[in-house]
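One structure below.
The values are calculated or read from the model by the stated rules, or taken from the named source; none is laboratory data. Quick caveat: nothing in here was measured; it's all calculated off a predicted structure. Counting neighbours? That spans all protein chains shown, and the Cβs are built from the backbone with ideal geometry, glycine included. The protein model used for the area step is the full one, side chains on, heavy atoms only, and it has no ligands, DNA or RNA in it. Shrake-Rupley method; radii C 1.70, N 1.55, O 1.52, S 1.80 Å.
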Amino acid sequence: MKKGIGLPVFPGVAIGPAVVYRKAQRTLPVPSGDPALEKAKFTAALDTAREQLTALYEKARAEIGEEQAAIVEVQLLMLDDLDYLDGVNLAIEGGAAAAIAALDTGEEFAQVFAAMDDEYMNARSADIRDMSHRLYDILCGNTGFQLPEGSFLLVAEDLAPSETIQLDKTKILGFVTSFGSSSSHTAILARTLGIPSVVGLGDQLDPIYEGRQVVVDGATGAVIVDPTEDVLAEEKK
C-alpha cells in the first residue's frame, strides 16, 4: 500500500482502478522551406481549431454551463489575437515550420501571462498553451489520448482546460493530478461536476501503476494505491 497527500478539491471518496492519462506522442514537423506554404498550413489549422473549439464550447455549455464554457470561449478569441498571429507569421518568415511557430509563440505569450501579478491573467497562460498545443497537433496530424471503457479514476500529471472538458464525465470516478492548484481549471471543473478530486500530489506516488486499485479522498487530500481491506472498509464508511 502507498499513500500520498495532495490538495483536496472536492469532498467525497472514490474507489476504482487507475487509468493514467498520457499526452499524445507528438510527431515533430518537417519544415517545407516555403514560408508561403507554411503560412497557408497555419491558416488552415486556425480554421480547424475554430471548428473544434466551437463544438467543444457547445458541449461544455450544455453539460457544465455557460460560466465554465467560457474557458473555451477565451481560446476561440485567442485564435484571432493579432499579436499572436503576427508572432507566428514572423517566426514562419524566419524559417520555422508552422507547427513550431504556433507552439513557440504560444509559449512566449504564456510565459508573459504567467509572470503577471494577477491570478486571472496567470490562468490565461494555461489557455494560451492549450490553444497553441491544439494548433501544433492539428498541423502535425497528432491524435488525442483514447480512454478505455468502464469507470475509473483518472490520474494525470496535469490536464489542460480543453482536455478536462472533453472527458466523458460518466466514466470518471475521481481525479488525481501531480500538478495544479485548488484554483486550476481541473479543480474548478471537478467542483462543478461534483467529482472527488485531489491535485498537486507531486511525485509522492510515482509511479502510480496502471490498473491498480486507488482510493481518492477529496476531503482530506489522501490518495491511496493498493489499499488494504481495513483501509477500504474505513474509507467506505
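A few remarks follow.
- For the chain, carbon and sulfur atoms together expose 54% of the accessible surface, with a 1.4 angstrom probe and every protein chain in place.
- Values of log10 I(q)/I(0), in the order q = 0.12, 0.17 Å⁻¹, for the chain under a Debye, Cα-only, solvent-free model: -0.71, -1.20
- Top of Pro161, Pro227, Pro148 by mean-square fluctuation, Gaussian network on the chain, Cα under 10 Å: Pro148
- When the chain is treated as a Gaussian network with alpha carbon springs shorter than 10 Å, the biggest mean-square fluctuation among Val176, Val198, Val112 belongs to Val112.
- Rounded to 10°, Cα long-axis angle of helix 66-78 versus longest principal axis of the chain: 30 degrees
- Surface exposure of segment 1-66, expressed per residue as accessible area with a 1.4 Å probe, stands at 59 Å².
- Cβ-placed point charges (K, R +1; D, E -1), dipole of segment 19-149 about Cα centre in debye, nearest 20: 600 debye
- What the pair-distance distribution of segment 131-219 shows, using all Cα-Cα distances binned every 5 Å from zero, is 3, 12, 24, 24, 19, 12, 5, 1, 0 percent.
- Between the Cα long axis of helix 98-114 and the first principal axis of the chain there is an angle of about 60°, rounded to the nearest 10.
- Residue pairs exceeding 32 angstrom between C-alpha atoms, taken from Lys39/Lys59; Lys39/Lys171; Lys169/Lys236: Lys39/Lys171.
- Amide H contacts of Val199: Leu7, Val9, Thr177, each under 5 Å away and 5 or more positions distant or on a separate chain (H built 1.01 Å from N in the peptide plane; Pro and chain starts excluded).
- Result for the chain in a Gaussian network model with C-alpha springs under 10 Å: among Ser125, Ser183, Ser162, the largest mean-square fluctuation is at Ser183.
- For the chain, a simple Cβ point-charge model (Lys and Arg +1, Asp and Glu -1, everything else neutral) yields a dipole of about 720 debye relative to the Cα centre.
- Scaling the Cα radius of gyration of segment 1-88 by the globular reference 2.2 N^0.38 Å produces a ratio of 1.61.
- Helical runs (DSSP H, four residues minimum) scored at -39500 (n - 2.57) apiece and divided by the length of the chain put the mean residue ellipticity at 222 nm at -16000 deg cm²/dmol.
- Placing unit charges on the Cβ atoms of the charged side chains and taking the dipole of the chain about its Cα centre, the candidate lying farthest along the positive direction among Ala91, Val198, Phe113 is Val198.
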